[in-house]
Amino acid sequence: MKILIAEDNATSRIILESVLKKWGYTVISTGAGDEALAVMKTTDSPHLLILDWMMPGMNGIEVCRKVREESSENPAYIIMLTSMNSKQDIVNGLQAGADDYLTKPFDNGELQARVRVGERVLQLQSTLVDKVNDLQAALDEIKTLRGIVTICMHCHKILNDNESWERMEKYVEGHSEAQFSHGICPDCLEKHYPEE
């Protein structure tokens with residue numbers, strides 16, 4: 001899994017990179033918010049972000065808001081990792097669109113646990129997106145009968161979309177998932193096969 005780090009402090013960035021790589025993640029590092037946002041606009045951008053709050057230019061909160069403004073069927077998971085540690089800071093970070101909030105200095109075990117939670121959320125989200133796409137594809141294939149269908153009162157043929165008459169079974173099969181088998185009702189049995 002690919003993780004994007006936005007951290008302006010070079011030492012903190014190197015430590016964070018090293019820890020994440022040790023856990024088996026591919027890491028893309030940036031030192032500023034606008035760089036992080038540029039990475040997020042590329043194809044195959046990371047889906048998990050770890051953002052510092054205080055950065056030159058665009059800060060982590062602004063990056064968070066900008067990422068959330070982009071409509072995506074599979075949105076990124078954002079962890080704020082910052083020294084801003086008041087209750088109001090946490091509230092502000094989460095209201096800006098962060099999924100999790102961790103204060104510096106971080107504990108390796110806690111960071112790993114939170115990254116794994118993000119990974120699980122992203123996997124569930126991806127599975128749901130796949131299921132929704134499968135359902136949409138199935139819905140697109142389903143044909144339904146809609147509106148008023150003109151049927152001949154004598155032979156029961158149906159006037160189709162091409163203004164020609166066709167047998168009811170053929171019309172219904174062509175406009176739905178229904179399949180037909182043939183039988184005989186008691187009235188027709190008596191009328192056509194009186195000996196039976």
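Overview of results
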item	result
Single residue of the stretch 23-38 satisfying the filter (out of contact with any helix residue (DSSP H, G or I) (no Cβ under 9 Å at 6 or more places or on another chain) and surrounded by fewer than 16 Cβ atoms within 10 Å (Cβ to Cβ)) that is nearest to residue 113 (Cα to Cα)	24
Residues located in the stretch 178-196, provided they are surrounded by 10 or more Cβ atoms within 10 Å (Cβ to Cβ) and under 42 Å from the mean Cα position of the chain (by Cα)	178, 180
Out of 76, 113, 96, 38, sole residue that is in contact with a Lys or Arg (Cβ under 6 Å, 6 or more places away or on another chain) and either over 20 Å from residue 11 (Cα atoms) or at pLDDT 95 or above (or both)	96
Residue match in the stretch 100-108 (condition: closer than 30 Å to residue 21 by Cα, free of Cβ contacts under 8 Å to residues at least 24 places away in the same chain, hydrophobic (A, V, I, L, M, F, W, C) and surrounded by 14 or more Cβ atoms within 10 Å (Cβ to Cβ))	yes
Test for residue 4: is it crowded, with 18+ Cβ neighbours inside 10 Å, farther than 25 Å from residue 129 by Cα and not charged (D, E, K, R)	no
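Residues checked against (1) without any contact (Cβ under 8 Å) to a residue 24 or more places away in the chain; (2) on the phi < 0 side of the Ramachandran plot; (3) in contact with a Ser or Thr (Cβ under 6 Å, 6 or more places away or on another chain):
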{"site": "10", "(1), (2), (3)": "yes, yes, no"}
{"site": "18", "(1), (2), (3)": "yes, yes, no"}
{"site": "21", "(1), (2), (3)": "yes, yes, no"}
{"site": "25", "(1), (2), (3)": "no, yes, no"}
{"site": "36", "(1), (2), (3)": "no, yes, yes"}
{"site": "43", "(1), (2), (3)": "yes, yes, no"}
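The values are calculated or read from the model by the stated rules, or taken from the named source; none is laboratory data. Given the structure is predicted, the values throughout are model-derived calculations rather than measurements. Glycine gets a Cβ as well: all are built from the backbone with ideal geometry, and neighbour counts include every protein chain shown.
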